[in-house]
Amino acid sequence: MRETLHIRLPDWNQPETESAHQGADALRVAYALTSTEPPISVLVREASLGEVLDSAQGKVIRLYAPGQDVRLLTAPVPARQASKAALAVPYALEDQFAEDVETLHFAIAAAPDARGEWPVAVVSAQHMRDWLEPFTRRGLVPEALIPETLALPWRDDARWTVLAEPGHITVRTGPTGGFGCLAEDLELFLGLAEGESKQ
């Protein structure tokens, strides 16, 4: 039986992490260990990333990326196979980004949604390198990198789920949708999300 190590990655854009960017091992992260063996309980702790990774060998690793750094979209690509959709998605969405799509990392769902569109998570390729560097340096390969937005619960009654933290809000708006933002930007993001949900 292998334990699963869940690690919530820090927000590189915060002042306290910007200064420690070159020393990622020193950054404080929230983490938890889970097991498939009953009784199943989750205790969330906090420690430096280096300390957490020192005990990560032999464990399944799942990372949770800051919601504000991952944009969740859908792409109307007429492809039936995920491999073919993956080739077309960046160019189907390129007009939604100020950055060159070559500098972005696109991850698509295994299948299209009920409307026939492909759910897509988009993040800076540099963020991906930054997040994974402490793991690859130790020879660790995370099983999954999940936007923390999609770690919030979702119910079939279509009510949004909100996590409010000091200065920051994370909102899940659908099975594959949501956003993260600064608290003062919530009204703007709510307007954008409501507009998308009505399309």
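Throughout, read-outs are computed from the coordinates displayed, never taken from laboratory work. Please read these numbers as outputs of a predicted model, since none were measured by experiment. Every residue, glycine among them, receives a Cβ derived from its backbone with ideal geometry; neighbour counts consider all protein chains shown.
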Query raised in the report: Taking R0 as 30 Å, what's the FRET efficiency between residue 86 and residue 114 from their Cβ-Cβ distance, rounded to 0.05?
Result: 0.90
Query raised in the report: Taking the simple approach of a point 7 Å from Cα along Cα-to-Cβ for both residue 35 and residue 126, what is their distance in nm?
Result: 4.3 nm
Requested in this report: Compute the whole-percent fraction of alpha carbon pairs in the chain spaced more than 20 Å apart.
Outcome: 61 percent
Query raised in the report: Most mobile of 120, 42, 162 per a Gaussian network model of the chain (Cα springs, under 10 Å)?
Result: 42
Report task. Would you mind estimating how fast region 70-173 diffuses translationally, via Stokes-Einstein at 4 °C and 1.567 mPa s with the Kirkwood radius over Cα pairs, in µm²/s? Result -> 83 µm²/s
Query - Gain in span if fully extended, residue 60 to residue 97, counting 0.36 nm per residue against the direct Cα distance - result: 10.0 nm
Query raised in the report: So how long is each side of region 35-100 along the principal axes, counting just the alpha-carbon atoms, biggest first, in Å?
Result: 44, 29, 20
**Report entry** Pair residue 138, residue 46: separation of 7 Å Cα→Cβ label points (nm)
**Finding:** 2.0 nm
**Report entry** the chain, relative contact order [Cα under 8 Å, separation at least 6], %
**Finding:** 18 percent
**Report entry** Coil-residue GluC sites (Glu not before Pro) of region 127-199, DSSP, other Cβ within 10 Å capped at 14
**Finding:** 143
Query - region 115-199: C-alpha pair distances exceeding 18 Å, % - result: 55 percent
Query raised in the report: What helices in the chain pass both tests, a Cα length along the helix axis of 27 Å or more and a mean Kyte hydropathy of -0.5 or higher, using whole DSSP H runs?
Result: none
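Could you order peptides 68-74, 125-131 by the average number of other Cβ atoms within 10 Å of their residues, highest first? It would help to have the intermediate numbers written out before the result.
Details: 68-74: 20.7, 125-131: 15.1.
The peptides rank, most packed first, as 68-74, 125-131.
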